[in-house]
Amino acid sequence: KAEMAANQYGADRFTGNAMDVISDPEVDAVWICSPSQFHAEQIKACAAYGKHVFCEKPIATDLPETVEAINACNEAGVKLMIGLQRRFDPNFQRVRQAVETREVGDPIMIKLCSRDPAPPPFEYVRGGGGIFADMAVHDLDMSRFLAGDDPIDILATGSCHIDKSIEQLEGSEAFDTATCIVRYPNGVQAVIDVCRQSSYGYDQRAEVLGTSGMITTDNVYPNTARVFKPHFTGNADMPCECSAF
């Protein structure tokens with residue numbers, strides 16, 4: 001795969017070993033996009049070699065490893081950024097702006113929905129840390145972004161409806177559907193629902209109810225074309241993640 005990518009993009013060098021990249025003296029920063037269970041060790045290796053890190057979520061699959069990875073970067077004086085791209089999505093940024101400027105008053109309730117068009121393969125789910133660390137992390141982060149504070153209470157539950165093969169896995173890796181209720185200071189509540197399969201395409205929406213109004217985002221479509229037929233009127237194509245990156 002590395003050789004194919006090098007040929008496709010005209011790269012002079014390639015390797016199938018992550019440490020070849022991390023230890024290369026000509027490399028200043030490393031982008032980690034490996035499976036979740038490898039993130040923490042690779043982050044710590046980057047820190048040991050003085051490399052700045054951009055890592056796909058999550059930092060690690062459990063809390064102790066997460067803390068270790070962050071501490072390693074702090075001690076080495078290298079930058080660590082996690083790929084929670086929705087903070088940079090113009091739709092979510094506009095909702096945050098409305099909260100910051102009190103356009104809708106004081107926040108009362110935050111609602112977030114995140115559903116993927118198809119579940120990932122079994123091998124991706126196994127060892128990935130579960131639906132909360134692997135998928136709902138985007139929405140948990142977005143709830144903090146919109147609330148502008150850290151949560152004080154979290155209630156979470158999950159179940160399996162789509163891919164029954166994952167029920168044999170441990171903990172939240174056995175869930176493909178989940179709901180979180182998050183409580184923030186001043187009583188602000190966030191309700192999050194995530195599911196690994198949506199028959200109608202990506203579904204990623206946000207809503208903030210305030211004391212003087214409400215602001216919401218809609219799904220992003222690849223185009224504005226609409227179909228009008230006797231038994232259907234609507235968008236010609238399913239929603240996508242077009243503006244999320």
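Leaving ligands, DNA and RNA out of it, work out the accessible area of Ile181 with a 1.4 Å probe and give it in Å² to the nearest 10.
Accessible area, nearest 10 Å²: 70 Å².
Using a 1.4 angstrom probe and counting only protein chains, how large is the accessible area of Phe38 in Å², to 10?
Rounded to the nearest 10, the figure is 100 Å².
Quick one: order Leu63, Leu112 from most to least accessible surface, probe 1.4 Å.
Of Leu63, Leu112, the descending order of accessible area is Leu63, Leu112.
Alpha carbon centre of the range 52-90 versus the range 197-222: separation in Å?
Answer, in whole Å: 27.
Please state the charge dipole magnitude for the chain, taken about the Cα centre, from unit charges on C-beta atoms (+1 on K and R, -1 on D and E), reported in debye and rounded to the nearest 20.
It works out to roughly 760 debye.
Rolling a 1.4 Å sphere over the protein heavy atoms, what is the accessible area per residue of the range 105-245, to the nearest Å²?
52 Å²
Using only the alpha-carbon atoms, how far is helix 63-76 inclined from the longest principal axis of the chain? Give it as 0 to 90 degrees, nearest 10.
60 degrees
Only helical DSSP H runs with n ≥ 4 go in: add -39500 (n - 2.57) per run for the chain, normalise by residue count and round the 222 nm mean residue ellipticity to 500 deg cm²/dmol.
-7500 deg cm²/dmol
If a/c stays under 1.5 just call it rounded; otherwise compare a/b with b/c (prolate if a/b is bigger, oblate if not). Do that for the range 47-107, with a ≥ b ≥ c from the square roots of the Cα gyration tensor eigenvalues.
It is prolate, given that a/c is not under 1.5 and a/b is the larger ratio.
If ligands, DNA and RNA are left out, what is the accessible area of Leu80 with a 1.4 Å probe, given in Å² to the nearest 10?
Counting only protein heavy atoms, the figure is 50 Å².
Let me see the pair-distance distribution of the chain: every alpha carbon pair, 10 Å bin width, integer percents in order.
7, 25, 31, 26, 10, 2, 0
Excluding Phe54 itself, calculate the net charge of residues whose Cβ lies under 13 Å from the Cβ of Phe54, where each Lys or Arg counts +1 and each Asp or Glu counts -1. The partial results should precede the final answer.
Working: positive: Lys51, Lys57, Lys79; negative: Asp28, Glu56.
Result for the local shell: +1.
Past 27 Å, Cα to Cα, is the threshold; run Lys1/Lys164; Lys57/Lys79; Lys51/Lys111; Lys1/Lys51 against it and keep the listed order. Walk me through the numbers on the way to the answer.
Working: Lys1/Lys164 30 Å; Lys57/Lys79 15 Å; Lys51/Lys111 37 Å; Lys1/Lys51 24 Å.
From the list (Lys1/Lys164; Lys57/Lys79; Lys51/Lys111; Lys1/Lys51), the Cα-Cα distance tops 27 Å for Lys1/Lys164; Lys51/Lys111.
Work through the residues other than Gly83 whose Cβ is under 9 Å from its Cβ and net out their charges, Lys, Arg +1 and Asp, Glu -1.
0
Leaving out ligands, DNA and RNA, and with a 1.4 Å probe, what % of the accessible surface on the chain is carbon or sulfur?
Percent of accessible area from carbon and sulfur atoms in the chain: 54.
The values are calculated or read from the model by the stated rules, or taken from the named source; none is laboratory data. In this text, all values refer to a predicted model and were calculated from it rather than measured experimentally. When we count neighbours, we look across all protein chains shown, and the Cβ atoms used for this are built from the backbone with ideal geometry, even at glycine. Just the protein is used for accessible areas: all its heavy atoms, side chains included, with ligands, DNA and RNA removed. Shrake-Rupley method; radii C 1.70, N 1.55, O 1.52, S 1.80 Å.
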